Amino acid sequence: MNKYIKIVVAALLILAGLYMMFFTRSLGWGIVVFLLAAVPILLFFKNEYILLAFWQLRKQNMEKAVKYLSGVTNYQAQLHKSQYGYFHYLQGLTLAQEHPTKVEPLMRKALEYGLNMKHDRAMATLNLAASAISKGKKQEGQKLLEEAKRLDSAGMMTDQIKMMKEQLKMPSMQKHMHNPNMRQRGKFS
């Protein structure tokens, strides 16, 4: 649903509440309709699909989270600007296990649009650090890990950060491992 339709619905509910309170002298129902007008206003700023996807991620149900995220077809028309980052963040989290190569651009977009919570920014930078380490960019990975550690004030990701720092200490297998079945390809071979 377009975000501006929600504002129109809220305005109609407020007008209906005023009509009930002043013209039909039904004060109780007018207050109830006023309270109902708060729901579309809330959903203007916090999209229902994003809220449902967060709920499903909390329950570790990735399939339903993906289903709810697919309900957002045009994020710029359906979401408030403050939700753009969270839309990309949730897409990145749902794709992290099956398609890890697609996570990096989504997390970069999420950080670019902005995430309100510090632990969400820490998770996004941790995913970017994992992507950099897997591509062999150790300095960038180290820098991102330090930023994730700084952002993780609650200490929820200390184990993952330690594990990734251990991965940084290990030598790259591609540079140090040689295939013994391969011929020496020198100038005079």
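Just one of the numbered conditions (1) without any contact (Cβ under 8 Å) to a residue 12 or more places away in the chain; (2) assigned to a helix (DSSP H, G or I); (3) closer than 30 Å to M1 by Cα; (4) of a type in the set (D, E, K, R) is not true of E98: (2). Just one of the listed residues (A110, A77, A38) is outside the structural domain of G141 (by TED's automatic domain parsing) and part of a helix (DSSP H, G or I), namely A38. Taking the criterion of being farther than 16 Å from A53 by Cα and either assigned to a helix (DSSP H, G or I) or among the charged types (D, E, K, R) (or both), the residues of the range 113-123 that qualify are Y113, K118, H119, R121, A122, M123. Pairs meeting the criteria (first residue in the range 118-134 and assigned by TED's automatic domain parsing to the domain that holds M157 and acidic (D, E), second residue assigned to a helix (DSSP H, G or I) and modelled with pLDDT of 90 or more, beta carbons under 9 Å, at least 6 apart or on different chains) are D120/G85; D120/Y86; D120/Y89; D120/A110. The residues of the range 69-95 that are buried (at least 22 other Cβ atoms within 10 Å of the Cβ) and without any contact (Cβ under 8 Å) to a residue 24 or more places away in the chain amount to a single one, Q91.
Consider K109 carefully, then state whether it is loosely packed, with under 13 Cβ neighbours inside 10 Å and modelled with pLDDT of 90 or more. Answer is no for this residue. A Cβ distance below 7 Å, combined with a sequence gap of six or more or placement on separate chains, defines the contacts here; from the range 39-60, residues that are of a type in the set (G, A, S) reach residues that are buried (at least 18 other Cβ atoms within 10 Å of the Cβ) in the pairs A53/A65; A53/Y68; A53/L69; A53/L90.
The values are calculated or read from the model by the stated rules, or taken from the named source; none is laboratory data. For clarity, every value in this text was computed on a predicted model and none was experimentally measured. When we count neighbours, we look across all protein chains shown, and the Cβ atoms used for this are built from the backbone with ideal geometry, even at glycine.
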